[in-house]
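Q: Before I ask anything, let me first share the structure, which is written out below as structure tokens.
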Amino acid sequence: MPASLLGKVAIVTGGASGIGQACVSALARAGAIVLAADLDDARLATIASGTDGKVTTIRCEITFNADVRSLISAAESAGGST
């Protein structure tokens, strides 16, 4: 596990599928505190259930300022460092 990712906070938009989901998995395996943001609630639920609490999932439309502010607040509350 790269020491540079231990305790770091990572936000992955589009984290419920494809490259985003692969990034979520890789970052979690490397020890990062991962917030996976997406619009697909069903896929986010699947990701959350398969990560043993290592990933926090957040419904987020990145074109909506309020959603982005909520995502940033969640990242700040997650602890670790960015």
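Q: Could you run the Karplus curve 6.51 cos²θ - 1.76 cosθ + 1.60 with θ = phi - 60° over the stretch 50-64 and give me ³J(HN,Hα) per residue in whole Hz, x for Gly and Pro?
A: Each residue of the stretch 50-64 in turn: x, 10, 6, x, 7, 10, 9, 9, 9, 6, 8, 9, 5, 8, 9 Hz.
Q: Can I ask one more? Could you give me the percent of Cα pairs per 5 Å distance bin for the stretch 1-45, shortest bin first, beginning at zero and ending with the bin that holds the maximum distance?
A: 5, 29, 29, 20, 11, 4, 1
Q: Using every Cα-Cα pair within the chain, state what percent have a distance larger than 21 Å.
A: Roughly 20 percent, rounded to a whole number.
Every number here is computed from the coordinates shown, using simple stated rules; none is lab data. What you see is a predicted model; the values in this text were computed from it and never measured.
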